[in-house]
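> The structure under discussion is supplied below as C-alpha cells; questions concerning it will follow.
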Amino acid sequence: MMVGMAGEQTRTTTPPPIRTSAEDEPPRSSTRAWSRRTRLLVVGIVLAALNLRPAITSLGALLEEVRDGLGMSGSVAGLLTSVPPLCFAVFGVMAPRLARRFGPGAVVCAGMVAITAGLLLRPYAGGTAGFLAASALALMGIAVSNVLMPAIVKRHFPDRVGTMTGLYSMALALGTATAAAVTVPMTEALGGSWQTGLALWAGLAAAAVLPWLPLARDRGTAPDGTGTAGERQQRGPRSAPQAPARAAQPSAAPLRVTRSRTAWALAVFFGLQATAAYITMGWMPQIFRDAGVPASTAGLLLAVTMAMGVPLAFVIPRVATRLPHQGPIVLALGGCGLVGYAGLYLAPAGGAWAWALLLGIANCAFPLALTMVGMRARTGAGVAQLSAFAQSTGYLISIPGPLLVGVLYQHSGGWGLPLALMAALMVPQTVVGVLAGRDRTVEEEAAR
C-alpha cells in the first residue's frame, strides 16, 4: 500500500512502478526451474515417441522366424498383426480417465514401464499365448501414451502445436524405421536368435522411463487443459484464482464428442490410415520376401517406408496448421498410396525402392491425423477427449484389416487380393480425411 501511495504522489515527476509486489512475477529461480522442466518434458516426449512402434516393426522384420519358432499359421500370424490396433482401442479409451486420476505424466511413465516389461518378457514367454500376452502388455503402454501425447502437447505448448506434433511424429517415425532397419542385422550379429533380436528393444524403452519419473509427480491440470498446477502457480494468483478454477472444472464434462460429424470423420480417417499402416508394418517385408527379395533387404525396404515419416512427419504438421483446410494434403497422400499398391502388384521386386518411398509418404497420414486432432478441439481437455475417441474408435475399425490380409494371403496363395483390398480402402480414407480437414471444432458441433 505504501508503495502505491508513493507512486500516486510522484506521478507527475516519475514514471509509475511497473509492478507493485513480488507476486506479479515469479522468482528467477522458479523461472529457471520451469525452463529445466520444459526441456525435460521435450526430452520425455521424444523418448516416448521413439518407443511407440519398435514393438511392432521389429516383429514385422522377424515375422517369418517368429512364425516358424512358435508354429504359427498364416491366419494366426494375421491375428498377431491385429493385436496392436485391438490393444490400442481397448486400452486407449482408458487414458483420459487415468490421466485425470493420476496425472498425464504418471500415466505415460507407467506406459513406458509396461513397454519395457512387455518387450523383455515377450520372446521368452513360451508359446503363442504367452507371446500374445506379453505383446499386449507392451501395447497397453503404447496405447495410453498414444492418446495422451496430443493432449500433453496441446496443454504445455498451446502456441506450438504444429512444431511439437511434428517433433513427436518425427521421433515416432525414426523409432519405427530404426527398428525395421536394424532388427535383422542385430539379430544376425548376436547369433541369429529372434528372441534376442526382439528383446533388445526393451533397453530403449527403459531409457524412456527416466525423464518421466520426475514428470510423474505433477498431477494437477488446469480444468481447461491449458496448463498444469505448476503453470498456474507460476502465472500467479491473479491469472489463475482458485475459486473460479474449481467452478470451471465441470465445464469439460458436457462435451459429447459423438455428436460431432468432424469427430466421426476423424475417427474413420484414423482407423483407415491405421489399417494401412499396420498392414504395411506387419506384411510388407513378407511381400518383398515372397517376390525374391532377401530378408535383410526386405527389412531395409520397410525401414525406408518408415523413414519417410522422419522428415515428412515434421513438415506436414507445420504445413497443416497453416492451412484452413487440410484436404489437399489428404488427397496427395492418398494418391501416393494408390500408386504404391499398384506398383507392389505389378513389379514388387523391380520397383521395390520406389514403392517403399511412395507408401512411406502415404503413411504420413498418421502425423496429419494427430495434427488434426489438436486443431479440431479448442482446449487440452477437448483434445484429450477427441484423441481418445478418434484413436479408440479408429483402432477398432482397423482391427479386421491385418487379419483379413493374412486370411486372403493364406487362401489365395498370393498377394493380388490383399493388395486389391489395401488399394480399395484408400478411397474412403481419402474421402473422410477431406471431411475431417474442414476448419471447425468439435465443441462447436457438439453444442448444436
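> I need the full set of residues from the range 258-286 which are of a type in the set (Val, Ile, Thr) and open to solvent by 10 Å² or more (accessible area, probe 1.4 Å), in order please.
Hits for the range 258-286 are 258, 268.
> Can you tell me which condition residue 71 does not meet? The list is (1) at positive phi; (2) touching a helix residue (DSSP H, G or I) at 6+ places or on another chain (Cβ under 7 Å), and all the others hold.
Against the list (1) at positive phi; (2) touching a helix residue (DSSP H, G or I) at 6+ places or on another chain (Cβ under 7 Å), residue 71 comes up short only on (2).
> Scan the range 36-59 and give yes if some residue there is more than 16 Å from the chain's Cα centre (by Cα) and at pLDDT below 85, otherwise no.
Taking every residue of the range 36-59 in turn, at least one turns out to be more than 16 Å from the chain's Cα centre (by Cα) and at pLDDT below 85.
> For residue 275, only one of the following conditions fails: (1) within 16 Å of residue 357 (Cα to Cα); (2) modelled with pLDDT of 85 or more. What is its number?
The number of the failed condition is (1).
> Going by what's in this entry, would residue 340 be described as among the small types (Gly, Ala, Ser), modelled with pLDDT of 85 or more and on the phi > 0 side of the Ramachandran plot?
no
> Please work out which residue is nearest to residue 340 (Cα to Cα), limiting yourself to the range 430-440 and to residues that are out of contact with any Ser or Thr (no Cβ under 8 Å at 6 or more places or on another chain) and buried (at least 20 other Cβ atoms within 10 Å of the Cβ).
Filtering first and then ranking leaves 430.
> Still on this structure, please answer the following. Among (1) surrounded by 23 or more Cβ atoms within 10 Å (Cβ to Cβ); (2) modelled with pLDDT of 85 or more; (3) under 16 Å from the mean Cα position of the chain (by Cα), where does residue 99 come up short?
(3)
Residue by residue, here is whether (1) modelled with pLDDT under 90; (2) part of a helix (DSSP H, G or I); (3) closer than 30 Å to residue 68 by Cβ holds:
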position	(1), (2), (3)
186	no, yes, yes
195	no, yes, yes
209	no, yes, no
223	yes, no, no
233	yes, yes, no
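Results for (1) over 22 Å from residue 315 (Cβ atoms); (2) open to solvent by 10 Å² or more (accessible area, probe 1.4 Å); (3) touching a Ser or Thr at 6+ places or on another chain (Cβ under 6 Å); (4) modelled with pLDDT of 85 or more, shown as yes or no for each residue.
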site: 147; (1), (2), (3), (4): yes, no, yes, yes
site: 154; (1), (2), (3), (4): no, yes, no, no
site: 167; (1), (2), (3), (4): no, yes, no, yes
site: 178; (1), (2), (3), (4): no, yes, no, yes
site: 199; (1), (2), (3), (4): yes, yes, no, yes
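> While we're on this one: Checking residue 355 against (1) over 18 Å from residue 153 (Cβ atoms); (2) among the hydrophobic types (A, V, I, L, M, F, W, C); (3) within 22 Å of the chain's Cα centre (by Cα), which single condition isn't satisfied?
Of the numbered conditions (1) over 18 Å from residue 153 (Cβ atoms); (2) among the hydrophobic types (A, V, I, L, M, F, W, C); (3) within 22 Å of the chain's Cα centre (by Cα), the odd one out for residue 355 is (3).
> Have a look at 295, 320, 307, 303 and point out the one that is out of contact with any Ser or Thr (no Cβ under 9 Å at 6 or more places or on another chain) and of a type in the set (Gly, Ala, Ser).
295
> Could you count how many residues in the range 371-401 are closer than 13 Å to residue 273 by Cα and in a loop (DSSP other than H, G, I, E, B)?
Residues in the range 371-401 being closer than 13 Å to residue 273 by Cα and in a loop (DSSP other than H, G, I, E, B): 1 in total.
Conditions tested, residue by residue: (1) open to solvent by 20 Å² or more (accessible area, probe 1.4 Å); (2) within 30 Å of residue 99 (Cβ to Cβ).
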position: 359; (1), (2): no, no
position: 368; (1), (2): no, yes
position: 376; (1), (2): no, yes
position: 385; (1), (2): yes, yes
position: 393; (1), (2): yes, yes
position: 407; (1), (2): yes, no
position: 412; (1), (2): yes, no
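> Shifting gears a bit: Starting from the range 173-197, keep only residues that are farther than 17 Å from residue 277 by Cβ, then list their pairs with residues that are open to solvent by less than 10 Å² (accessible area, probe 1.4 Å) and outside any helix (DSSP H, G or I) whose Cβ atoms are within a distance under 7 Å, requiring at least 6 positions of separation or different chains.
183/62; 184/62; 187/62; 194/62; 197/62
> Now, a different point. Can you tell me which residue is surrounded by the most Cβ atoms within 10 Å (Cβ to Cβ) among those in the range 64-81 that are closer than 24 Å to residue 271 by Cα and in contact with a Ser or Thr (Cβ under 8 Å, 6 or more places away or on another chain)?
Of everything passing the filter in the range 64-81, 80 is surrounded by the most Cβ atoms within 10 Å (Cβ to Cβ).
> Here is a follow-up. Of all the residues that make up the range 290-325, how many are surrounded by fewer than 24 Cβ atoms within 10 Å (Cβ to Cβ) and either in contact with a Leu (Cβ under 8 Å, 6 or more places away or on another chain) or not in a helix (DSSP H, G or I) (or both)?
Total satisfying the criteria: 14.
The values are calculated or read from the model by the stated rules, or taken from the named source; none is laboratory data. As the structure is a prediction and not an experimental result, all values here were calculated from the model. Please note: Cβ atoms are built from the backbone with ideal geometry, for glycine as well, and neighbour counts cover all protein chains shown. Side chains are part of the model used for accessible areas, which takes the heavy atoms of the whole protein and leaves out ligands, DNA and RNA. Shrake-Rupley method; radii C 1.70, N 1.55, O 1.52, S 1.80 Å.
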